[in-house]
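Heads up: the structure comes next, in structure tokens.
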Amino acid sequence: MANSTSGDSVTDRLVRVLETFTPTRTVQTAAEIGRRAGLPGSSAHRIVGELVETGLLERDDDRRIRIGMRLWELATRSSQALRLRQASMPAMERVQSRVREHTQLAILEQDEALFLERLSAPDSGANVTRIAARLPLHASSSGLVLLAFGERDLQERILAAPLPPLTRETITDPAALRRKLAEVRTLGHAVAPGFIETVSTGVAVPVRDETGTVAAALSVVLRRDAPIEPALVELHSGKREIERALGFRG
Ligand code: PHB
């Protein structure tokens, strides 16, 4: 695609514009987008204007920009995530109604856990997870499941990279993480007490698709003092239900 004078392609600049939107920064001015995308003001205004015309971005009454419904529509339509989410919803609703705490579904995406769905009751405890947001693999129960059952290359890459602490209880030592991953594989679930926030314990189980590959992690976020066992029973029965819906005959 045609290059600008700075040498980056149209696609590069488009992606940089879209990536200025984050789970917590969903509305911005065109000037803010330009600054964050590293684009001159005139290019930023032009690209944003073109994206608004196509509906991929939307402009509100205050001329602030957000992601357009058209982009959501296109992204959701073709996505494998849609099938996974649809297969999981009945089981997630059952787990949520029985455990009465946040129930969520995550997949592996670019070395992080990406959350496709989260069901919560008004009185559920703390939770840092957002739909369409990510958590680090080493610091969340879902991430630990995806990592433990993931490919060898992925494990070695994560174990070789810095493991930043999110609390004092996050595993930051590669040898300790290796032991934790072995434990997750043996037990068939991950428990992450206080790894991401001190007041909560994440509990996650792997979900296999029709090929037998772990395609997702189903998890609940419990209050730190809550018993784990009843939640695990519900997670295991929920996971089996999703696997049946996906066609896994294990
Ligand atoms: C976890 O999966 O370990 C987890 C996720 C969100 C939280 C706490 C724990 O808020």
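The values are calculated or read from the model by the stated rules, or taken from the named source; none is laboratory data. These numbers were taken from a predicted model, which means no experiment stands behind them. Glycine gets a Cβ as well: all are built from the backbone with ideal geometry, and neighbour counts include every protein chain shown. Surface areas here come from the heavy atoms of the whole protein model, side chains and all, with no ligands, DNA or RNA. Shrake-Rupley method; radii C 1.70, N 1.55, O 1.52, S 1.80 Å.
The residues in segment 140-157 that are part of a loop (DSSP other than H, G, I, E, B) and of a type in the set (Gly, Ala, Ser) can be counted, and the count is 2.
On the given criteria, is GLU169 closer than 30 Å to GLN86 by Cα, in the same structural domain as LYS239 (by TED's automatic domain parsing), of a type outside the set (Gly, Ala, Ser) and in contact with a Gly (Cβ under 7 Å, 6 or more places away or on another chain)?
Details: closer than 30 Å to GLN86 by Cα: no; in the same structural domain as LYS239 (by TED's automatic domain parsing): yes; of a type outside the set (Gly, Ala, Ser): yes; in contact with a Gly (Cβ under 7 Å, 6 or more places away or on another chain): yes.
When the stated conditions are applied, GLU169 does not pass them.
All of (1) open to solvent by less than 20 Å² (accessible area, probe 1.4 Å); (2) more than 16 Å from the ligand (Cβ to nearest atom); (3) closer than 30 Å to ILE171 by Cα hold for LEU51 with one exception: (3).
Selection of first residues in segment 85-104 that are touching a residue at least 12 places away in the same chain (Cβ under 8 Å) and of second residues that are open to solvent by less than 10 Å² (accessible area, probe 1.4 Å) and assigned to a loop (DSSP other than H, G, I, E, B), restricted to Cβ pairs under 6 Å at least 6 apart or on distinct chains, gives the following pairs, ordered by first then second residue: GLN104/THR129.
Can you find even one residue in segment 199-207 that is in contact with a Lys or Arg (Cβ under 7 Å, 6 or more places away or on another chain) and either among the basic types (Lys, Arg) or open to solvent by 50 Å² or more (accessible area, probe 1.4 Å) (or both)? Yes, the conditions are met somewhere in segment 199-207.
Determine whether PRO193 is of a type outside the set (A, V, I, L, M, F, W, C), open to solvent by 20 Å² or more (accessible area, probe 1.4 Å), over 14 Å from the mean Cα position of the chain (by Cα) and within 14 Å of the ligand (Cβ to nearest atom). In short, yes. Put simply, of THR76, THR54 the only residue that is free of Cβ contacts under 8 Å to residues at least 24 places away in the same chain and within 24 Å of GLU109 (Cα to Cα) is THR76. Can you tell me which residue in segment 135-185 is farthest from the chain's Cα centre (by Cα), limited to those that are within 11 Å of the ligand (Cβ to nearest atom) and open to solvent by 60 Å² or more (accessible area, probe 1.4 Å)? My answer is GLU169.
The rows are residues; the columns are (1) over 25 Å from ILE242 (Cα atoms); (2) among the aliphatic types (A, V, I, L, M); (3) in the same structural domain as VAL221 (by TED's automatic domain parsing).
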position: PHE21; (1), (2), (3): yes, no, no
position: LEU51; (1), (2), (3): yes, yes, no
position: GLU58; (1), (2), (3): yes, no, no
position: LEU71; (1), (2), (3): yes, yes, no
position: ALA87; (1), (2), (3): no, yes, yes
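If you check GLU58, GLU93, GLU50 for being farther than 23 Å from GLU117 by Cβ, modelled with pLDDT of 95 or more and in a helix (DSSP H, G or I), only one passes: GLU50. When ARG83 is tested against (1) within 16 Å of the ligand (Cβ to nearest atom); (2) over 22 Å from GLU197 (Cα atoms); (3) of a type in the set (D, E, K, R), just one condition goes unmet, and that condition is (1).
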